[in-house]
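J.: Let me begin by handing over the structure; questions about it come next.
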Amino acid sequence: METNEISADSVNILLAGIVGMLLLSVALVVFFIVYQRRIFEQQRILLAEEQAHQKELLTAAVEVQETERRRIARDLHDDIGSLLSATRLYLRQLKPDSSPEKRASIQNESLNILDEIIQNTRRITHDLLPPVLEKFGYQAAAEDLCDRVAKSGGMKVLFTGDSSQRRLGEKQEIALYRVLQELVNNTLKHAKASQFEVSNIWQGDVFKFSYRDDGRGFNPNTVKSGGLGLKNIESRTSLVGGHLDWKSAPGKGLEVNITLNNAFAIAD
Amino acid sequence: MGIVIMILDTQFHHILPMIDLLDSNFWNAQFQSIFHWSMLIPIAVGIYSLRSHNTEQRKLFFYVVTSFVFEYFSQLKWAIRQFNPETNAPFYHFFTPVLFIFFVGIYQQFLKDFTSFRVDYFLAIFFILFSLWNAILGDGILNFPGLSLGLYAFLMMLIAVSFFLKLLTALTVERLEKEPMFWINSGVLIYFSGNFLLWLTMNYLLKDMNVSYSIFKISIILGLLLNILLSIAFVCRPKAVLLPPTRNQTPHGD
């Protein structure tokens with residue numbers, strides 16, 4: 001039964017619409033497949049870069065640990081070891097028939113050396129983990145460190161601490177103190193700076209640490225990823241869930257900003 | 001002058017209008033029955049892989065079995081003779097919301113993740129109400145449910161496109177060919193995109209049985225394609241996602 005009520009034009013328009021929608025849907029499926037693969041490829045590249053970066057941080061952490069061990073070994077060998085040997089030599093001179101004057105002299109010398117050994121041991125242990133850090137926290141330890149550097153007379157130090165008695169988590173405090181030690185050490189050794197500035201502020205639950213020196217600075221592009229020291233700082237910061245941001249340029253000194261969320265401290 | 005779709009006919013080396021191609025002898029009388037038989041393919045594959053079905057595959061299996069039963073029931077002469085004039089349109093008024101609910105069930109997890117609002121229930125209720133309205137006041141119970149099927153196709157296209165967008169943003173599936181929902185979604189998008197305008201205009205096309213029969217062959221081809229893609233969806237083995245152990249558990253237990 002043919003009624004001829006449908007014009008050829010309307011059929012053609014309908015067919016064009018159907019074919020158009022079909023092509024569009026097929027194109028959408030193809031686009032999805034291609035685009036999804038491209039995104040995954042980019043993700044794979046990003047993941048590989050992230051893994052390489054993590055590997056670099058780990059290598060830096062291990063290298064720093066080895067350097068620290070060598071330093072402790074050197075300190076023990078050069079300071080404590082040599083002083084103990086000297087004490088041994090003095091004490092060997094003690095004979096049953098030694099004169100009382102000689103005995104007294106040996107005793108005095110030995111006691112002097114033992115005092116020096118005690119002082120050096122205190123210094124070494126203080127460097128490893130300052131008692132003030134354990135007892136009074138990061139801010140007190142940081143202030144103490146800055147104070148000692150300032151008193152040494154070589155450099156002007158500006159320290160700004162937070163007035164609140166609020167403390168970070170234990171791991172965060174140690175990590176941040178090590179970061180400060182590393183930064184101060186770098187400034188003293190390499191920066192040729194006349195002053196450095198340390199600032200610690202609580203903003204809500206976020207702790208903001210800022211370090212700035214007026215040294216010679218460096219070009220971040222020529223120093224590979226900021227060198228071992230900055231890698232170590234990055235490694236320590238990321239381990240305690242902090243965020244590190246630093247900038248430097250030749251003649252412009254170094255500026256380091258670290259933010260730590262106290263939510264992480266609760267999990268310590 | 002209207003738009004004329006041209007398709008290259010390689011057998012005769014000249015260009016034919018598409019409607020002529022659809023009318024040509026290539027599509028013989030057995031064409032529709034091929035489609036009906038093809039509905040058995042996903043059922044057979046579904047039964048073959050029954051033991052390894054995940055939630056979506058299980059729901060899909062119920063869908064293919066139900067749509068097969070519905071399709072055959074609507075073609076029964078006895079069923080058609082129940083109405084005056086003889087028609088199977090009332091069955092489609094009933095089947096359409098049922099099949100839509102099946103699809104909503106298949107996409108349920110995606111729809112749940114998409115929004116906290118229970119959009120699956122909303123869609124199902126909304127579509128049932130619309131189908132009721134269409135059967136009573138819209139197309140009418142004795143006419144082809146063009147509006148319901150048009151809305152069905154539109155909603156399914158919307159869900160399918162949203163699903164692809166979600167996959168692109170979430171990036172949870174890397175091996176698409178191993179993911180049943182990818183094949184289901186591709187089939188759904190292509191099938192409903194091709195049928196959308198056809199179903200919407202079917203009541204108009206039915207004024208000329210020859211033209212409507214010719215154009216309806218597109219729907220049959222798309223149905224064949226859908227059956228193939230749904231069959232592939234049954235044989236896919238999605239990669240197991242290994243969840244990290246919880247804090248209180250060790251590989252040896254608590």
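The values are calculated or read from the model by the stated rules, or taken from the named source; none is laboratory data. Since the structure is predicted, the reported quantities are computational estimates derived from the model, not experimental observations. Heads up, the Cβs are rebuilt from the backbone with ideal geometry, glycines too, and the neighbour counts pull from every protein chain shown.
J.: If we scan segment A:80-94, do we find a residue that is assigned to a helix (DSSP H, G or I) and touching a residue at least 40 places away in the same chain (Cβ under 8 Å)?
T.: For segment A:80-94, residues assigned to a helix (DSSP H, G or I) and touching a residue at least 40 places away in the same chain (Cβ under 8 Å): present.
Condition check ((1) under 13 Å from A:Val157 (Cα atoms); (2) at pLDDT 90 or above) across all residues:
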position: A:Leu168; (1), (2): no, no
position: A:Ile174; (1), (2): no, no
position: A:Tyr177; (1), (2): no, yes
position: A:Glu182; (1), (2): no, no
position: A:Asn186; (1), (2): no, no
position: A:Gln195; (1), (2): yes, yes
position: A:Ser199; (1), (2): yes, yes
position: A:Val206; (1), (2): no, yes
position: A:Asp214; (1), (2): yes, yes
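J.: Looking for something on the phi > 0 side of the Ramachandran plot and within 13 Å of another protein chain (Cβ to nearest Cβ) - is there at least one such residue anywhere in segment B:173-192? Can you show your working first?
T.: Of segment B:173-192, the ones on the phi > 0 side of the Ramachandran plot are none.
No.
J.: Could you tell me whether any residue of segment A:193-207 is in contact with a strand residue (DSSP E or B) (Cβ under 9 Å, 6 or more places away or on another chain), crowded, with 18+ Cβ neighbours inside 10 Å and closer than 25 Å to A:His53 by Cα? So that I can check it myself, show each step before the final result.
T.: Going residue by residue through segment A:193-207, those that are in contact with a strand residue (DSSP E or B) (Cβ under 9 Å, 6 or more places away or on another chain) are A:193-203, A:205-207.
Subsequent filtering for residues that are crowded, with 18+ Cβ neighbours inside 10 Å retains A:193, A:196, A:198, A:200, A:207.
Then drop every residue that is not closer than 25 Å to A:His53 by Cα, which leaves none.
No, the conditions are met nowhere in segment A:193-207.
J.: Does A:Ile6 qualify as being assigned to a helix (DSSP H, G or I) and either surrounded by fewer than 15 Cβ atoms within 10 Å (Cβ to Cβ) or at the interface with chain B (Cβ under 7 Å from one of its Cβ atoms) (or both)? Write out each step before concluding.
T.: Numbers: assigned to a helix (DSSP H, G or I): no; either surrounded by fewer than 15 Cβ atoms within 10 Å (Cβ to Cβ) or at the interface with chain B (Cβ under 7 Å from one of its Cβ atoms) (or both): yes.
In short, no.
J.: Since A:Tyr90 meets every condition but one in (1) within 14 Å of another protein chain (Cβ to nearest Cβ); (2) in contact with an Asp or Glu (Cβ under 6 Å, 6 or more places away or on another chain), which condition does it not meet?
T.: With (1) within 14 Å of another protein chain (Cβ to nearest Cβ); (2) in contact with an Asp or Glu (Cβ under 6 Å, 6 or more places away or on another chain) applied to A:Tyr90, the lone miss is (1).
J.: Is it fair to say A:Asp79 is in the same structural domain as A:Leu260 (by TED's automatic domain parsing) and within 35 Å of the chain's Cα centre (by Cα)?
T.: No, not satisfied.
J.: Looking at (1) touching a strand residue (DSSP E or B) at 6+ places or on another chain (Cβ under 9 Å); (2) surrounded by 15 or more Cβ atoms within 10 Å (Cβ to Cβ); (3) in a loop (DSSP other than H, G, I, E, B), which is the only condition A:Arg216 fails?
T.: (1) is the only condition that A:Arg216 fails.
J.: Being β-branched (Val, Ile, Thr), surrounded by fewer than 20 Cβ atoms within 10 Å (Cβ to Cβ) and assigned to a helix (DSSP H, G or I) is the filter here; which residues of segment B:59-95 pass it? Spell out how you get there, then give the answer.
T.: Start the filter on segment B:59-95 by keeping residues that are β-branched (Val, Ile, Thr), which leaves B:64-66, B:69, B:80, B:87.
Among the residues that remain, those that are also surrounded by fewer than 20 Cβ atoms within 10 Å (Cβ to Cβ) are: B:65-66, B:69, B:80, B:87.
Matches in segment B:59-95: B:Val65, B:Thr66, B:Val69, B:Ile80.
J.: Please specify each residue of segment B:193-218 satisfying the condition of being surrounded by fewer than 24 Cβ atoms within 10 Å (Cβ to Cβ), under 30 Å from B:Phe110 (Cα atoms) and at the interface with another protein chain (Cβ under 9 Å from one of its Cβ atoms).
T.: Those that are surrounded by fewer than 24 Cβ atoms within 10 Å (Cβ to Cβ), under 30 Å from B:Phe110 (Cα atoms) and at the interface with another protein chain (Cβ under 9 Å from one of its Cβ atoms): B:Phe196, B:Leu197, B:Ile218.
J.: Which pairs have Cβ atoms under 7 Å, sit 6 or more apart or on different chains, and link a residue in segment B:32-48 that is within 20 Å of B:Ser214 (Cα to Cα) to one that is among the hydrophobic types (A, V, I, L, M, F, W, C)?
T.: Between residues of segment B:32-48 that are within 20 Å of B:Ser214 (Cα to Cα) and residues that are among the hydrophobic types (A, V, I, L, M, F, W, C), the close pairs are B:Gln32/B:Ile220; B:Phe35/B:Ile220; B:Phe35/B:Leu224; B:Ser38/B:Leu224.
J.: Test B:Ser219 against the criterion of being modelled with pLDDT under 90, of a type in the set (S, T, N, Q), in a helix (DSSP H, G or I) and closer than 18 Å to B:Tyr191 by Cα, and give yes or no.
T.: Spelling it out, B:Ser219 is indeed modelled with pLDDT under 90, of a type in the set (S, T, N, Q), in a helix (DSSP H, G or I) and closer than 18 Å to B:Tyr191 by Cα.
J.: Among the listed residues A:Leu158, A:Leu176, A:Leu128, which satisfies the condition of being farther than 20 Å from A:Thr237 by Cα and touching a residue at least 40 places away in the same chain (Cβ under 8 Å)?
T.: Checking each option against the conditions leaves just A:Leu158.
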